[in-house]
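Okay, structure first, notes after.
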Amino acid sequence: MDSVKRYIISFTLFLLAINLPAQNITGTWEGELENDQFMQLNIIQTGDKICGYTYDHVNKDQRSYCKAFFEGYFDKTNQKLVISGKYFLENSGGHFLMNIIFNYKKEKGVEILEVKPTGASVLSSLLSTFGIIIEPEPFEEGGSNVGYARIKKVSGQPYEIIELMKDCIAQDKKQPDTVVKKIIPPKIKNNTPPIVKTVPPKPKDSIIVKNVPPKKRDSIYPATPPLVIKKEPPPLPKTFSERKNKEQSRITVDVKTINLKVYDNAIMDGDTVSILYNGKLLLSHQLLSEKGIEINLELDDKQTRHEIVLFAENLGSIPPNTALVVITAGTKRYELFASANLEENAVLVFDYRPK
């Protein structure tokens, strides 16, 4: 009889296990943040990894707001969501990058993410009513720098999927292994001669005008060499040589093909740049935004040092001209920050060292 009971209990636990749904955190979450603020989380989840951005503002003054990109993970065992703020997309001032550990739960079928207040956060909130502001503690592993938050899932899709979220998720996407079977067609005997297809050459940047020499060559009519008309490169910005080049970052790469995405690193305030590679103009008067400027670059393998120069065409409404440059070189990914002004150009250096 006891063995039958044990079998029934084991079978019941098995049924519960196979019917237990895995949490899908992807979506839009909204609710309350400490000190009377509205908070919105926009999340994409792939496996345990989390990417997204926060948007929050003070309820009494919505001009005080910020928007920040974050990365994190979902701990299925302990039902916790851990996010870490990386950098601001927009910030009206007075806001800080949040690092939060949420507790996940369901209340009457509604999904909730919550940070319960501690004694220190209650004291901070109380003092803030008297105009005394306590700076948040630095984020440490296992803790948060936010004392209270309670948000609920309002949509299964993010309000907006920005380019940084796509880049973040793309790092973990792997192409599925596929087996390709090569089918060898049977040999067919045919006396018909093979057809040779001639592919015309691709047009080049230069135009070659050939003079056809006369059939009979002699000293009076020597063969005339072909005339080559070269296409001139676009001119550099007029004040380029008047500014100093300041090296701000240097990385070593072992592949020739480099992908760059250039974003505005702070508030979208109308920063405009021109981008040069090894002294040659690639792009001119490009507006920096959260969508990013994408460049696929083929390094010249005849040299080891390569320079990307950001030339500030203006300083936007909030100087200086700041940019986040996301670089993908093979399997490696880098995030570099650059700051240019009307006196100095920002220089990013690649040391090319093939394997």
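The values are calculated or read from the model by the stated rules, or taken from the named source; none is laboratory data. Nothing here was measured: the structure is a model prediction, and the numbers come from that model. All Cβ positions, even for glycine, are placed from backbone atoms using ideal geometry, and neighbour counts span all protein chains on display. Please note that ligands, DNA and RNA were not included when accessible areas were found on the heavy atoms of the full protein model with its side chains. Shrake-Rupley method; radii C 1.70, N 1.55, O 1.52, S 1.80 Å.
Points worth noting:
- For segment 260-280, the set of residues classified as open to solvent by 30 Å² or more (accessible area, probe 1.4 Å) and assigned to a strand (DSSP E or B) consists of LYS261, LYS280, listed by residue number.
- Scanning segment 28-49 finds no residues that are closer than 18 Å to LYS152 by Cα, touching a Leu at 6+ places or on another chain (Cβ under 9 Å) and free of Cβ contacts under 8 Å to residues at least 40 places away in the same chain.
- Among the conditions (1) open to solvent by less than 40 Å² (accessible area, probe 1.4 Å); (2) farther than 30 Å from CYS66 by Cα; (3) not in a strand (DSSP E or B), the only one that ILE308 does not satisfy is (3).
- Residue list for segment 331-355, restricted to those being modelled with pLDDT of 90 or more and either crowded, with 18+ Cβ neighbours inside 10 Å or at positive phi (or both): ASN345, ALA346, VAL347, LEU348, PHE350, TYR352
- Near pairs, Cβ below 6 angstrom, 6+ apart or cross-chain, from segment 245-263 (among the polar types (S, T, N, Q)) to any residue that is at pLDDT below 90 and part of a strand (DSSP E or B): GLN248/ALA338; SER249/LEU336
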